[in-house]
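See structure below.
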Amino acid sequence: MSAAVDFSTDLCGVALRNPILLASGTCGYGTELEGFINLNELGGIVCKSLTLEPRSGNPPPRITEVPAGMINAISLENVGVEAFIKEKLPVLPKGLPVFASAFETEIDRYAEVCARLDGAPGVAAIELNASCPHVKSGGIEFGQDPQVLAALVRACRAATDAKLLVKLSPNVTSIAEMARVCEGEGADGLSLINAVQAMAVNVETRRPALPNVLGGLSGPAIRPIALRMVYQVRQAVDLPICGIGGIATGEDTVAFMLCGASAVQVGTMTYTNPEAGLVIRDQLAAYCARHGVAAVRELIGALEK
């Protein structure tokens, strides 16, 4: 990474050494990747979504490949918030910005997860997963109904003093409306987008490829949708944005930042290459050097029309 370029950025008050984070659900609790990469070379990580109690998720098969991406119906398997605080957080590298992801199926339970994460040593911020597209109870409903989303953000905002980002669903009529709801209820930032609701069919068996039938489409296939939504949200609100959706190269990162993102999350590409986040960081460095960008922050919202 070029020493001549300042790669530091800020996401809702959390200082990042560079704008590359790993997305929730794709890097486990971080330690799963320690044999492959130095986590402290990343901007940060967003850990698997946490519920009040441990959750087993859907039985396999729960992932299937599709052109330019994958569909998953894992359904948020996790160790539970208490095990995360006691067992997972303490072994992560010191100085690594850790964003804890909160999920539940009822508003008061969401708020309780946030309350338990409040002040947990090592948690830099909370990402509120209000938009999981493959959970039969809760999840996507919170991200699709403006009034329900408002109630959710309001309750979680009251439950924690931590920086709170809301992860928005793309499966809505107006992403800008949802962003304004979050801003009005005190969110500190937004993450977008979550996976796009989708399905695949095995024509040989004439059955859905996944027993859950529906799942979340992620990967390069959704990148144009994600870029459009980041751009629209940037026009609608002043909250900082973390861009997510099919980011595979440094140039993809630049595109998201030009559309208004302060940082990005790399997800599906980590499945194909555990070092993808660092590869993308280095490609971003090469872009900045090639274009004379002195500080990566100069790219935020700098799209020319």
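One table, with the values for the structure above:
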quantity: Identified option (computed volume of the Cα convex hull per residue in Å³; candidates [x] 123; [y] 143; [z] 202); calculated: [x]
quantity: Cβ-based charge dipole, the chain, positive-most Cα from SER218, PRO54, VAL293; calculated: SER218
quantity: Sites excluded, GluC sites (Glu not before Pro) in DSSP loops with at most 11 other C-beta within 10 Å, longest stretch of the chain; calculated: 1-203
quantity: Dipole of segment 9-299, positive end: most advanced residue of ALA130, ALA176, PRO146 [Cβ charges, Cα centre]; calculated: ALA176
quantity: DSSP beta bridges in the chain [antiparallel fraction, %, rounded to 5]; calculated: 35 percent
quantity: Sites matching trypsin sites (Lys or Arg not before Pro) across segment 191-244 that sit in DSSP coil, with at most 11 neighbouring C-beta atoms within 10 Å; calculated: ARG206
quantity: Inter-centroid distance (Cα atoms) of segment 185-201 relative to segment 273-305, Å; calculated: 23 Å
quantity: Positive dipole terminus of the chain, leading residue within GLN235, PRO121, ALA4 (C-beta point charges); calculated: GLN235
quantity: Rel. contact order, % - alpha carbon contacts under 8 angstrom, at least six apart, segment 138-242; calculated: 27 percent
quantity: Cβ-based net charge around ARG297, under 9 Å, with every Lys or Arg adding one and every Asp or Glu removing one; calculated: -3
quantity: Given charges at beta-carbon only (K, R positive; D, E negative), |dipole| of the chain in Debye; calculated: 360 debye
quantity: Net charge of Cβ neighbours under 14 Å - reference THR249; Lys, Arg +1; Asp, Glu -1; calculated: -1
quantity: Label zone at PHE36, where the point sits 7 Å out along the Cα-to-Cβ direction: segment 260-299 residues whose backbone N lies under 15 Å; calculated: 266-281
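Computed from the coordinates by the stated procedures, all read-outs in this text should not be read as laboratory data. Remember, it's a predicted structure, so these values are computed and weren't measured experimentally. Glycine also receives a Cβ, built like all others from the backbone with ideal geometry; neighbour counts cover every protein chain displayed.
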